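So the structure is just underneath, and the comments pick up after that.
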Amino acid sequence: MIESSQVMGLMKVVYVIYLLIVFSLMGMYAMKITKTGSEFQKANIFFYGWVGLLVCTGVGVHILTFNKIPWVKWDINRAAINAEREFNITIADYKFKLPEERLLIKKGDMVRFDIASEDHTYGFGVFREDGSMVFQMQVVPGSRNDIVWKFESPGAYSIRSTEYSGPKGSALLVKNVVFVATEKEFARLDKELRQKQDIYKRR
Amino acid sequence: MLQVSGLNQLQRLALRFAVISLLFYGLTILEGMIMRAHQINFNMLDADHYFAMMGAHPMVGIFGSSFMLVFGAFYFLVPNLMNKEIYSQRLAELTWILMTAGVGLVWLSGFVFRYAALYTNYWPLPVSGEFSPMALGTFAVGNIIIMTGVFVFCYNIFATIFHRQGEQKPMAPMLASAFGIDGFINIYRRVMRKGVEKEPIMPLPIVAIFRGTVDTVLDALVLGGISVVFLFHAFYSFMGTSLSAGWFDALLYKNIYWWGLDLIADGLVLIYVAGTWYLLATIISGKKLFMQNIARAALLVELIVSWNVWGHHLLSDQSQPMWMKILSGEMVTAFELITMGIAVFVTLMTLWQARPLPMTPALKFLLGGVLGFSLGVPAGIIQADLGMNRILHNTQWVIGAHAHMQLLVGLGMTLYAAVYALFPMLTNDVKLKSNALTNFHFWAHLIGGIGMSAVMGFAGMDGMLRRTVYPGDTTFQSEMIAAAFFGSLIVAAYLAMMYNIISSIGVKGLVEVFVKLPEKMKQRESTAL
Ligand code: HEM
């Protein structure tokens, strides 16, 4: 399954190529426009070809991502998706209220994050250890804000508000709180987590 | 040196707008550079100061600088293009006074009172008690004054375009032409081979100006209306009763607010820019616009498009209906690529037909503007996709590769092209002192603008959020240092341009555009010179 980090990697390459193409075309145009040259014969045909290219690009991007990026379909069908794990998180007064001290996820499981805001418009994003983004969504008060996701790479992830909610909003960050474990690891860690929770409850 | 006494009222008016715009632009980039420095070392400013600056920066940049320059240029061009008097010189003067006062107040609301709900003002942040009633009230009053200035401008422009000065021209064909409908009719006639194509009544730049102005009115209605709501809340909090924010649904608010706000970005900016390109292309080439019927028709299509694209700002809002995301956010938005692409093609082809052309400052900057939009619009189309928005929304990509690329390089260079083209017309042929400085302005702004925007884009692809501070975290520091380097080029470009203009016009001339200096002072200054 393609991951968001791979999509970004590809996008960087495409962006650099695009920049180079546009610079070269504009450079050539700027040089040639100062020189004499023959009349442009098939300008009309060129024009319709250009518009055709724009239409194909505009529509093609969405068709491509619909078919190649898995989270588009997850998002469209998320009401009907049965997630293996569900986390209900609340944000209020610039703080995350998490259901567990560590959000433990088994690699490859479909998880649902359901986030409610009690005051401002916030965001909810999950980030890798190198700072890159796995995904984000908006968290609007008075609306349901849920997203489903499948994590394919084990490791620790941080959560952070991705929408400006006032000068205090940048502090809305919990480092390494999401932990994606392989199947083997998961059973052990889950047990540990439950035991810890029992101890807390008993206390 | 500029002889102010030889200027007519319209020239003087346009120069007033231009001077204020360039000063506000200086303030915008100064704030931009301070924020940039803060992004390298997060200990420079308190969070509330930093975000207050981030709130003021785009308001000063967009309304104080870009709108101001556009309004000044259009006040000068519309009467000249239509061979008419301006409808009201007084209203035109009132426009810059209102805009300056409004922008000044908005800036003060951040600088003095630390209002920092940013230009998106997401509900209920502005009215939630995070900011003092004075802060909210000053921002609201400032914004209302700006929007009043915008209305005054629009009224005056509409009146100039349509008032008939005693002639009995019927209104309906004028209105149809101003909307670009005659472009469609001509295309229909050509395709169906029915009837003869007619020369449209309105010059093409006027169609673009009128079209853009329709969106300007609508956006001012929304932003002004929301500011009245803020003022109401501020008043009640000031009196000691704080009103509940629960009466307004946050998602509905976001839809309404973005509908209005997006009319600036995807409506009037793109349309005004297209109009300016067409005008400059015809002035520079001395030829008729290539495929002008298509260009007219595209302006009408852009009207429908600009009213229906706001959904691309809500692609990450999970309660937003999916059909709206797909229809407005993805599909209609894709049309912007087409309408902008048509404007690029028509402009470049019009110039191409007139080869060989001398590479004048106006042509150079015009090509720079086309380049900026050619880079910034596709970046927007990429993020206006359900899949890509999930990993790009609110990152530095959006504000860098898309927004600053369009604002600094696309819009900025287009406006400079207009400044260089109109400069001799506005100053009765004052020559700019230095070609070298004009060239430096061009290259430093181009490299600085593209470099900074692209580096921000890369930071965004690496996960750096916009509107977020990372104290003690150096993950994105190298990208921010590179962005600061390119930002300094933009500042150097600005200083070079200002020096060139001021030394050509003279400080006395600049001041006299606004106030008449006493004879004694004038004499003293000329002997000093
Ligand atoms: C040297 C020139 C400039 C520099 C260095 C600069 C820098 C910045 C920085 C650092 C931010 C904050 C980005 C973030 O972390 O979210 C920003 C935001 C912004 N800037 Fe600029 N900027 C410049 C020119 C301009 C101009 C001329 C305009 C408008 C005409 C403009 C419009 C904006 C807008 C709309 C935002 C978004 C603010 C928000 O997210 O609320 N900038 N700029």
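Quick rundown of the values:
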{"item": "Region A:77-95 versus region B:130-156: alpha-carbon centroid distance in Å", "result": "39"}
{"item": "Solvent-accessible area per residue, Å², over region A:95-187 with all protein chains present [probe radius 1.4 Å]", "result": "34"}
{"item": "Proportion of all alpha-carbon pairs of region A:76-202 beyond 21 Å (%)", "result": "40"}
{"item": "Under the span-like rule (Cα at least 15 Å along the axis, Kyte-Doolittle mean at least 0.5), DSSP H helices of chain A", "result": "A:4-32, A:43-68"}
{"item": "Formal net charge of residues neighbouring B:Glu479 (Cβ-Cβ distance under 15 Å; K, R +1; D, E -1)", "result": "0"}
{"item": "Cross-link pairs A:Lys12/A:Lys32; A:Lys12/A:Lys95; A:Lys168/A:Lys191; A:Lys68/A:Lys106 - those with Cα-Cα distance over 28 Å", "result": "A:Lys12/A:Lys32; A:Lys12/A:Lys95; A:Lys168/A:Lys191"}
{"item": "Positive minus negative residues near B:Asp219 (Lys, Arg vs Asp, Glu; Cβ under 15 Å)", "result": "-3"}
{"item": "Antiparallel DSSP beta bridges within region A:76-202, as percent of all bridges there, nearest 5", "result": "70"}
{"item": "Region B:420-451-region A:102-164 distance, computed between alpha-carbon centres (Å)", "result": "48"}
{"item": "1.4 Å probe accessible area per residue over region A:4-68, in Å²", "result": "66"}
{"item": "Whole-Å distance, taken between Cα centres, linking region B:184-251 and region B:337-412", "result": "23"}
{"item": "Percentage relative contact order, chain A, counting C-alpha pairs under 8 Å, at least six apart", "result": "18"}
{"item": "Those residues of region B:384-411 for which accessible area with every protein chain present is at least 20 Å² below the isolated value (1.4 Å probe)", "result": "B:Asp385, B:Leu386, B:Gly387, B:Met388, B:Arg390, B:Ile391, B:His393, B:Asn394, B:Trp397"}
{"item": "Region B:105-234: relative contact order as a whole-number percent, Cα under 8 Å and 6+ apart", "result": "35"}
{"item": "Above-threshold pairs, the threshold being 20 Å between Cα atoms, out of B:Lys287/B:Lys364; B:Lys198/B:Lys287; A:Lys73/B:Lys254; A:Lys42/B:Lys287", "result": "A:Lys73/B:Lys254"}
{"item": "Cα radius of gyration and Dmax for the protein assembly as shown (Å)", "result": "26.9, 91"}
{"item": "Most mobile of A:Val139, A:Val174, A:Val51 in a GNM of chain A (Cα contacts under 10 Å)", "result": "A:Val51"}
{"item": "Mean Kyte hydropathy of 0.5 or more with a Cα span along the axis of at least 15 Å, helices from DSSP in chain B", "result": "B:9-40, B:68-82, B:89-111, B:133-162, B:204-238, B:270-285, B:292-307, B:333-352, B:361-383, B:412-426, B:435-461, B:477-505"}
{"item": "Calculated Rg and Dmax of region A:4-68 using C-alpha coordinates, Å", "result": "16.5, 49"}
{"item": "Percent accessible area from carbon and sulfur atoms, chain B, protein chains only, probe 1.4 Å", "result": "68"}
{"item": "The protein assembly as shown - share of DSSP beta bridges that are antiparallel (%, nearest 5)", "result": "70"}
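The values are calculated or read from the model by the stated rules, or taken from the named source; none is laboratory data. Quantities reported herein were computed from a predicted structural model and do not represent experimental measurements. Using ideal geometry, Cβ is built from the backbone for each residue, glycine included, and neighbour counts are taken over all protein chains shown. Each accessible area value is taken on the protein alone, full model and side chains, heavy atoms only, with ligands, DNA and RNA left out. Shrake-Rupley method; radii C 1.70, N 1.55, O 1.52, S 1.80 Å.
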